[in-house]
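Read the structure below first, then the notes.
The values are calculated or read from the model by the stated rules, or taken from the named source; none is laboratory data. Keep in mind the model is a prediction, meaning the values are calculated, not measured. Note: ideal-geometry Cβ built from the backbone for every residue, glycine included; neighbour counts use all protein chains shown. The area values use the complete protein model at the heavy-atom level, side chains included, leaving out ligands, DNA and RNA. Shrake-Rupley method; radii C 1.70, N 1.55, O 1.52, S 1.80 Å.
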Amino acid sequence: MQRFIVNGGNRLCGELTLQGSKNSALPIMAAALLCSSECVLHGCPRLTDVYAASRILNHLGCRCSFSGHTAVIDPSQLSGTEVPEKLMHEMRSSIIFMGAMLGRMGECTVSVPGGCELGPRPIDMHLSALRKMDVDIRERGGRIICRVSGKRAHGAKISLNFPSVGATENIILCAVTAEGETVINNAAREPEICDLCAFLRKCGADISGDGESRIVIRGKESLGGCGHTIMPDRIAAATYLSMTAAAGGEIILKNACVPETEPFLSVLEQTGCGVYTTADRIYMRSGPRIKAVRDRIRTMPHPGFPTDAQAVLMAALTTAEGTSVFEENIFDCRYRHTDALIKMGADIQVLGKVAVVKGVEKLNGAPVEATDLRGGAAMVCAALSAEGTTEISMINHIDRGYENMEEAVKALGGDMIRV
Ligand code: UD1
């Protein structure tokens, strides 16, 4: 099992080109399955989750190959309708293949996505929405067997009781080739949903309202292929900015999606860091010690503060001047990284969904274990500002979402290696 060894104390300085977004690439790869001809995806991040998605595509008979950051998906020979349990368990997001397979083949068999490090992640909203679209769903021994009643699913009016990203994506994927109109009320407004819709529109889909809470989809009989560039990763941006806030330094992030990163940037500015933006770049300067964030940091669906950036910002704030308060409103178990941060000397108290972070003078390096993707990134963030050496194990979690993190950190002057 590989590990990261990080020697803290170096300032981070330099330029970094951001990777394409994981959370955008995965549903778009699933969406390619809906098309009758080849799709070419540029800016596809090289991540273990992306490779897991490509294994699902290949298993179903869609040829998926990579050349650098370009993925070519040929869905013309699609033959399978069943995703084996082992592939489903490789990543939680495999559930978005459900809507796409129903949209193209009218049937699919998947499994309940495996246990997740963020606590139980039910799929009840996905299933009840698809049922509304005339999909017959049976659950047997952990397998979910779905079949549309006629040839195609039927459009429906769906009101989500929470703007779930995955459920919104699954409904869109099923609806683009369904008969009639689908309306999603209280839809998720995450930028990655807009990127998915932009891709689908290029393939011929009729979708409006994405980015707002009411999305309208008029089903088409079939979709063609297209070329598309995956949007930049706003959570990777938040991560490298948090690392620089923690370690001190000056960085320029290129290929940034600036308006979409704004909910994070507006909180980061409260730490006293200088943040300047252009159309596609973020420049940030951080002094030796940042300030605590005055307002409570509440994670919320977009355009609120992103839950995926909670852990990395918390790591940076462990050594801030003053006390910061977090409130996690999206996931039940999203403070698992706090134990590692406390082991490194942080002063954090967790009470239900609230975490109170009292800034300490310094952290100390320690052996820690990545608990989940963003929690693992938070440990790297803390390690870069800590005195001494931190050894981070279970970095397979980090590789799910960050492309060669150690290379990016090294390029900025950080002392981090993979062993
Ligand atoms: C996506 C992102 C993830 C991000 C999350 C919230 C991808 C691949 N992953 O995950 O990085 O942290 O959005 O921004 O894009 N829920 C239910 N029933 C359901 C569906 C969801 O109760 O049927 C709950 C979940 O348990 C969670 C909340 O709703 O508490 C939000 O989940 P959701 O928005 O669906 O997140 P994901 O799509 O899984």
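Does any residue in region 179-192 that is more than 15 Å from GLY166 (Cβ to Cβ) and free of Cβ contacts under 8 Å to residues at least 12 places away in the same chain come within less than 7 Å, Cβ to Cβ, of a residue that is open to solvent by 10 Å² or more (accessible area, probe 1.4 Å) and within 16 Å of the ligand (Cβ to nearest atom) six or more places away or on a different chain, and which pairs are these?
Nothing qualifies.
Looking only at region 1-27, count how many residues are modelled with pLDDT of 95 or more, of a type in the set (A, V, I, L, M) and closer than 30 Å to CYS64 by Cα.
The total comes to 4.
Can you pull out the residues in region 5-24 that are crowded, with 24+ Cβ neighbours inside 10 Å and in a strand (DSSP E or B)?
VAL6, LEU12, GLY20
Any residue in region 310-320 that is out of contact with any strand residue (DSSP E or B) (no Cβ under 8 Å at 6 or more places or on another chain) and within 16 Å of the ligand (Cβ to nearest atom)?
yes
Among the residues that make up region 7-15, is at least one of them more than 26 Å from MET405 (Cβ to Cβ) and basic (Lys, Arg)?
no
What pairs come up if the first residue lies in region 294-312 and is in the same structural domain as ASN329 (by TED's automatic domain parsing) and assigned to a helix (DSSP H, G or I), the second is within 11 Å of the ligand (Cβ to nearest atom) and open to solvent by 40 Å² or more (accessible area, probe 1.4 Å), and their beta carbons are under 7 Å apart, counting only those six or more places apart or on different chains?
THR307/ILE330; THR307/PHE331
Test GLN19 against the criterion of being under 26 Å from GLU391 (Cα atoms) and within 16 Å of the ligand (Cβ to nearest atom), and give yes or no.
Answer is yes for this residue.
For every residue, the table says whether it meets (1) assigned by TED's automatic domain parsing to the domain that holds MET314; (2) hydrophobic (A, V, I, L, M, F, W, C); (3) surrounded by fewer than 23 Cβ atoms within 10 Å (Cβ to Cβ); (4) within 23 Å of VAL325 (Cβ to Cβ).
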{"site": "VAL356", "(1), (2), (3), (4)": "yes, yes, yes, yes"}
{"site": "LYS362", "(1), (2), (3), (4)": "yes, no, yes, yes"}
{"site": "GLY365", "(1), (2), (3), (4)": "yes, no, yes, no"}
{"site": "ILE392", "(1), (2), (3), (4)": "yes, yes, no, no"}
{"site": "TYR402", "(1), (2), (3), (4)": "yes, no, no, no"}
{"site": "ALA411", "(1), (2), (3), (4)": "yes, yes, yes, no"}
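Of all residues in region 329-346, how many are within 16 Å of the ligand (Cβ to nearest atom) and surrounded by fewer than 22 Cβ atoms within 10 Å (Cβ to Cβ)?
Result for region 329-346: 6.
Where residues in region 237-262 are in a loop (DSSP other than H, G, I, E, B) and open to solvent by less than 20 Å² (accessible area, probe 1.4 Å), which of them is nearest to the ligand (Cβ to nearest atom)?
CYS257
Cβ-Cβ below 9 Å, separation at least six or inter-chain, first residue in region 115-130 and closer than 14 Å to SER94 by Cβ and among the aliphatic types (A, V, I, L, M), second part of a helix (DSSP H, G or I) and modelled with pLDDT of 95 or more: which pairs?
ILE123/MET98; ILE123/GLY166; ILE123/ALA167; ILE123/ASN170
Yes or no, residue by residue, for (1) surrounded by fewer than 19 Cβ atoms within 10 Å (Cβ to Cβ); (2) out of contact with any helix residue (DSSP H, G or I) (no Cβ under 9 Å at 6 or more places or on another chain):
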residue: PHE264; (1), (2): no, no
residue: ASP280; (1), (2): yes, no
residue: PRO288; (1), (2): yes, yes
residue: LYS291; (1), (2): yes, no
residue: ARG298; (1), (2): yes, yes
residue: PHE305; (1), (2): no, no
residue: THR319; (1), (2): no, no
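Are any residues in region 306-326 within 13 Å of ARG294 (Cα to Cα) and small (Gly, Ala, Ser), and if so, which ones?
Listed by number, the residues that qualify are ALA320, GLY322, SER324.
Kindly provide the set of residues from region 349-369 that are under 26 Å from the mean Cα position of the chain (by Cα) and either assigned to a loop (DSSP other than H, G, I, E, B) or free of Cβ contacts under 8 Å to residues at least 24 places away in the same chain (or both), ordered by number.
VAL350, LEU351, GLY352, LYS353
Kindly indicate whether any position in region 373-385 is touching a residue at least 40 places away in the same chain (Cβ under 8 Å) and polar (S, T, N, Q).
Checked against the condition, which is being touching a residue at least 40 places away in the same chain (Cβ under 8 Å) and polar (S, T, N, Q), region 373-385 yields at least one hit.
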